[in-house]
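Notes follow once the structure below has been shown.
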Amino acid sequence: MINALSDAAKKLDAARLIRTGLAIVLCVVVLIILRTAFRRFKKRSALADDLRKLHIFTNGYRLIKVFVILAAVLAVLQINGINISLFVYAVGALAVVAALAIKDSLQDVFASITIMLDSFFKVGDAVEYEGRDGIVVGFTMRSTKIECIDDRSVLVVANRNISRIRRLTHLVDIDLPLPYEEPRERVFAVLTDIARQIAALDGVESCELKGTQDFGASAILYKLRFFCEPADRPDIRRAALRTVQDGLAAAGIVIPYTQVDIHTK
């Protein structure tokens, strides 16, 4: 009887040893496959100069590797008769507490992944944040640095606020209120000439008169549109407005303004 129990124990130990070895081998195989796949992707990304996706997949690879190793350790413990239920519950509780503690940081990380995968913007792009135009000069997994065009101050924006960031284009509109009394043909001729002068300014790619934009209470609104680098927009817009002002003055057209008539007895 004792010999039978001893043989059964030996068989059980052998079975556990085999299962333990299989779990370890499986873990090693999975890690090798992951490493091989990652190295191939890393090589392709380097050739394509796609550093943003490489950054994401590097962090993802590291996270998956830790998960695989942890799963293998838990499997080995379970195979050898060690109850891991309490350990799993403890880890789960700690994970929940940690997630709540770093909720904002996690939102920033997930937002940064969205920014990079969707190519929403990159370093060097012109963006607008809370009414201020700037150039993206830095980007991390948690924040984006924006250098304001007007005063060169630097804003540090948490990536979770991505919905409040707007990427700027080369398009700039100027809406001009002009008197109803001016004939349409004359206004169009003057504004077309002004558009040609704006197009000749340094840094302006093109400019055109779009036409009548709206009919206001005391003036007709006309739209001029030009294109330039977003970083040069403030200076070029001021130069364009000077050109408009000079052109209207030369043509004898006065920009209307709100007037209040006071009648006394």
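This table checks each residue for (1) among the hydrophobic types (A, V, I, L, M, F, W, C); (2) under 30 Å from Cys148 (Cβ atoms); (3) in the same structural domain as Ile149 (by TED's automatic domain parsing).
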residue	(1), (2), (3)
Leu178	yes, no, no
Glu185	no, no, no
Ala195	yes, yes, no
Asp202	no, yes, no
Thr212	no, no, no
Ala217	yes, no, no
Ala231	yes, yes, no
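Looking at Thr20, Thr36, which is the one that is surrounded by 11 or more Cβ atoms within 10 Å (Cβ to Cβ), modelled with pLDDT of 70 or more and of a type in the set (Val, Ile, Thr)? Spell out the reasoning first.
Details: Thr36 fails: surrounded by 11 or more Cβ atoms within 10 Å (Cβ to Cβ).
None of the other options fit; the residue is Thr20.
Of all residues being of a type in the set (A, V, I, L, M, F, W, C) and under 11 Å from the mean Cα position of the chain (by Cα) in the range 158-181, which is surrounded by the most Cβ atoms within 10 Å (Cβ to Cβ)? Just the residue, please.
Pass one, the range 158-181, residues of a type in the set (A, V, I, L, M, F, W, C): 158, 162, 165, 168, 171-172, 174, 176, 178.
After this cut, where a residue has to be under 11 Å from the mean Cα position of the chain (by Cα) as well, the list is 158, 162, 165.
Working: Ala158: 16, Ile162: 18, Ile165: 20.
Taking the candidates together, the pick is Ile165.
Which ones in the range 234-256 are more than 26 Å from Gly131 (Cα to Cα) and exposed (fewer than 14 other Cβ atoms within 10 Å of the Cβ)? Explain how you work it out, then say what you get.
Kept after step one, since they are more than 26 Å from Gly131 (Cα to Cα), are these residues of the range 234-256: 246-256.
Across the range 234-256, the qualifying residues are Asp246, Ala249, Ala250, Gly252, Val254, Ile255.
If we only count strands (runs of 3 or more DSSP E) wholly inside the range 161-255, which ones have 3 or more residues that are out of contact with any Lys or Arg (no Cβ under 8 Å at 6 or more places or on another chain) and not small (Gly, Ala, Ser)? Before the answer, list the steps.
On the way: elements: 165-167, 171-178, 204-215, 220-228.
Strands (runs of 3 or more DSSP E) meeting the threshold: 165-167, 204-215, 220-228.
Closer than 18 Å to Ala231 by Cβ and in contact with a Phe, Trp or Tyr (Cβ under 9 Å, 6 or more places away or on another chain) - does that describe any residue in the range 128-143?
Initial filter on the range 128-143 (closer than 18 Å to Ala231 by Cβ): 128-129, 131-139.
Checking the rest, the ones that are also in contact with a Phe, Trp or Tyr (Cβ under 9 Å, 6 or more places away or on another chain) come to 136, 139.
Within the range 128-143, one or more residues are closer than 18 Å to Ala231 by Cβ and in contact with a Phe, Trp or Tyr (Cβ under 9 Å, 6 or more places away or on another chain).
Conditions tested, residue by residue: (1) among the basic types (Lys, Arg); (2) loosely packed, with under 13 Cβ neighbours inside 10 Å; (3) out of contact with any Ser or Thr (no Cβ under 7 Å at 6 or more places or on another chain).
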| residue | (1), (2), (3) |
| --- | --- |
| Glu128 | no, no, yes |
| Thr144 | no, no, yes |
| Val156 | no, yes, no |
| Glu185 | no, yes, yes |
| Ala199 | no, no, no |
| Ser206 | no, yes, yes |
| Asp214 | no, yes, yes |
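The values are calculated or read from the model by the stated rules, or taken from the named source; none is laboratory data. Note that the coordinates shown come from a computational prediction; the quantities given were computed from them, not determined experimentally. Here Cβ is always computed from backbone atoms with ideal geometry, including for glycine, and neighbour counts include all displayed protein chains.
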